[in-house]
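Worksheet for the structure shown next.
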Amino acid sequence: MRRLAAVGLFFALCIAAWHLVVAAGIWSPVLVPAPRDVGLYLYGALIDGTLRSATLVTIQRLLIGYFLGLLGGLPLGMLTAKSEVMRDTLGLLALGLQTLPSICWVPLALLWFGQTEMAMQFVVIMGTIWSVQLATASGMRSVPPIYVQAARTMGSRGLHTWLRVILPASFPFIVTGMKQGWAFAWRSLMAAEIYVTILTGFGLGHLLHYGRELNAMDQVIGIIIVIIVIGLLADKILFSPVEKFLHARWGTGR
Amino acid sequence: MTPQTASAPAAPRLLVDKVSKVFQSKSGPVKALEDITLEVTEGEHVSCLVGPSGSGKSTLLSIIAGLEKPESGRVLVDGEPIRGPGRERMVMFQESALFPWLNALDNVLFGLHLKPGVTRRQRREVAEYYLEMVGLMRFKRAHIHELSGGMKQRVALARALAPNPSILLMDEPFAALDAMTREQLYSDLQEIWRKRRKTVVFVTHNVREAICLGDSIHIMSPSPGRIEEAFHITLPRPRDINSVEVARHATEIKDAFKRRMQAIQSGTSPS
């Protein structure tokens, strides 16, 4: 309860400071809108449904792209950890592709898929898959060999060792990779949505983009806030429970 | 005292037969073990391998465990050559090597799950019996990181004993513990051994520890790892590591070892 009060107080103070800065009239309200104007925009967008539909479009793209990325990245990572050869080939390829900012995939995606949902998801997948693969691979490799030795003396072999020892032992690393993948997916999607207009759905990135086109600073800042809130919620809802579980079991983390 | 069956010369419980091991290092091959022969009969309860670091004692234990392969020679258990690790030879490592994703009880159950022909109920009974024996029944649901170093090694001991191995291999299991915890474990261990007689091979660099725990002590010397001398300790049990007898034996063995090393050095240096 105290913590919740502290959080509320902190953000109330932030908004108050923002309000005071605007009220001081140093900058033009066109460039720095008052918190009230941003609130009014968000309220209006909520009432007329644009915010809801844009959020749904964005989250749907994000989830589909992210899970497809996981579906590819996790097995690829396990494969990469298998041997030195895999590490030097698949691993190196993934490292190269991971360093490529995923917005660079947009021109390619547009030529391949046109202005379709598929183009959007392709960019998200490319943003997710490599970091998940690399994190999974490094997690599997960092399993202490003594765990495997202990398991072998108890009669564990092959697939059993793999499923009951290596996989659970690398779980904390895999979660880190999944979290990193999520962050990359979110960034790639926002970049893609701002950059490309796709007629099958207007996401939050488009609202941001049109806010700029219309010189509507209240919209730009309002949407930025929405994007931040979604990122925070995803962290708290998707990853916090898993991290708490890991903390309790492994005694690691915070 | 276990009776020695002198009439029928049964195969020894454990026979290490002319085992050699070479490691490849950057500066060429290093002989870790040279021509090791070690016989442990059923009656010999606890055999200690004692030596300074580099004498290959842990390597020898890994070879007996089947985790490493020797360059030459073989290891026989009850007359049968070993092929890889086996449930009849359980290992207790220097670090507990317990699985952090399982609680204490599930760690003990891990090996039992892999033992064929044991029912769910039997597994549970056995696991709880051994946790009780090491005095950690209260902590059966505890996560591994919540346990102290000494408690972890107790769980590891329960885990190693649960599948009922005929040989228990212990690789400096108390080296990372503080002195007080260690002394408590010496007496607990002797009590557990009294209840469940096992053939134990115990690796340590601590001569006193070896005398406190061992029935026979094999002194190893480094580069290349060799067994120099064997001693039989007949002090009554339970033994106290701080007792005068243990201290006196330790001094004698250390002196003998020093003389031996000096003899080797002066004997081989002119070559």
Checklist entry - So which residues in the range A:186-200 are part of a helix (DSSP H, G or I) and closer than 14 Å to A:ALA109 by Cβ? => result A:SER188, A:LEU189, A:ALA191, A:ALA192, A:GLU193, A:TYR195
Checklist entry - Is there a residue in the range B:175-183 that is surrounded by 20 or more Cβ atoms within 10 Å (Cβ to Cβ) and either at pLDDT 90 or above or among the aliphatic types (A, V, I, L, M) (or both)? => result no
Next on the checklist: Out of A:VAL175, A:VAL226, A:VAL242, I need the residue that is of a type outside the set (Lys, Arg), within 14 Å of chain B (Cβ to nearest Cβ), crowded, with 16+ Cβ neighbours inside 10 Å and out of contact with any His (no Cβ under 9 Å at 6 or more places or on another chain). Which one?
Outcome noted: A:VAL175
Checklist outcome for this item: Within the range B:89-124, restricting to residues that are more than 10 Å from every other protein chain (Cβ to nearest Cβ), over 23 Å from A:TRP250 (Cβ atoms) and not β-branched (Val, Ile, Thr), the one that is surrounded by the most Cβ atoms within 10 Å (Cβ to Cβ) is B:ARG123
Next on the checklist: Here are the criteria: (1) within 14 Å of another protein chain (Cβ to nearest Cβ); (2) crowded, with 19+ Cβ neighbours inside 10 Å. Tell me which single one A:ALA191 does not satisfy.
Outcome noted: (1)
Item to check | In the range A:146-169, residue nearest to the other protein chains (Cβ to nearest Cβ) [restricted to those that are over 18 Å from B:GLU95 (Cβ atoms) and polar (S, T, N, Q)] | outcome: A:SER156
Checklist entry - What tally of residues in the range B:143-172 results from selecting those that are within 11 Å of another protein chain (Cβ to nearest Cβ) and assigned to a loop (DSSP other than H, G, I, E, B)? => result 4
Next on the checklist: Any residue at all in the range A:134-152 that's in contact with a strand residue (DSSP E or B) (Cβ under 9 Å, 6 or more places away or on another chain), among the small types (Gly, Ala, Ser) and surrounded by 24 or more Cβ atoms within 10 Å (Cβ to Cβ)?
Outcome noted: yes
Next on the checklist: I'd like to verify a number: residues in the range A:200-223 that are loosely packed, with under 14 Cβ neighbours inside 10 Å and closer than 18 Å to A:LEU40 by Cα, how many?
Outcome noted: 3
Checklist outcome for this item: By residue number, the members of the range A:9-42 that are touching a Pro at 6+ places or on another chain (Cβ under 6 Å) and among the small types (Gly, Ala, Ser) are none
Checklist outcome for this item: Conditions (1) farther than 21 Å from B:VAL200 by Cα; (2) modelled with pLDDT of 90 or more; (3) in a loop (DSSP other than H, G, I, E, B) -> B:GLY117 fails only (2)
Next on the checklist: Can you tell me how many residues within the range B:173-182 are part of a helix (DSSP H, G or I), over 16 Å from the mean Cα position of the chain (by Cα) and of a type outside the set (Gly, Ala, Ser)?
Outcome noted: 2
Item to check | helices (runs of 4 or more DSSP H) wholly inside the range A:1-118 containing at least 1 residues that are of a type in the set (Ser, Thr, Tyr) | outcome: A:35-48, A:50-82, A:92-99
Item to check | Scan of the range A:69-97 for residues that are within 19 Å of the chain's Cα centre (by Cα) and free of Cβ contacts under 8 Å to residues at least 60 places away in the same chain, ordered by number | outcome: A:LEU71, A:ALA94, A:LEU95, A:LEU97
Checklist entry - Within the bounds of the range B:123-136, is there any residue that is in contact (Cβ under 8 Å) with a residue 24 or more places away in the chain, closer than 22 Å to B:LEU61 by Cα and not basic (Lys, Arg)? => result no
Checklist entry - Hey, among the residues in the range B:206-229 that are touching a Lys or Arg at 6+ places or on another chain (Cβ under 8 Å) and part of a loop (DSSP other than H, G, I, E, B), which one's farthest from B:THR41 (Cα to Cα)? => result B:SER223
Item to check | Residue, nearest to the other protein chains (Cβ to nearest Cβ), within the range B:129-142, restricted to residues that are outside any loop (DSSP other than H, G, I, E, B) and exposed (fewer than 14 other Cβ atoms within 10 Å of the Cβ) | outcome: B:ARG138
Checklist outcome for this item: Here the residues within the range A:52-73 that are surrounded by fewer than 24 Cβ atoms within 10 Å (Cβ to Cβ), under 16 Å from A:ILE228 (Cα atoms) and among the hydroxyl-bearing types (Ser, Thr, Tyr) are A:THR55
Item to check | Set A:LEU204, A:LEU199: member being modelled with pLDDT of 90 or more and under 28 Å from A:PHE122 (Cβ atoms) | outcome: A:LEU204
Next on the checklist: Quick check on my filter: what residues within the range A:119-145 are within 14 Å of another protein chain (Cβ to nearest Cβ) and assigned to a helix (DSSP H, G or I)?
Outcome noted: A:GLY139, A:PRO145
Next on the checklist: Show the residue pairs meeting these rules: Cβ distance below 6 Å; 6+ apart or different chains; first residue within the range B:20-38 and on the phi > 0 side of the Ramachandran plot; second residue among the small types (Gly, Ala, Ser).
Outcome noted: B:ASP35/B:SER20
Next on the checklist: If I go through the range A:146-173 residue by residue, how many of them are assigned to a helix (DSSP H, G or I), over 22 Å from B:THR59 (Cβ atoms) and not aliphatic (A, V, I, L, M)?
Outcome noted: 10
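The values are calculated or read from the model by the stated rules, or taken from the named source; none is laboratory data. The model shown is predicted, which means the values in this text are computed figures rather than measured ones. Here the Cβ is made from the backbone with ideal geometry for all residues, glycine too, and neighbour counts use every protein chain on show.
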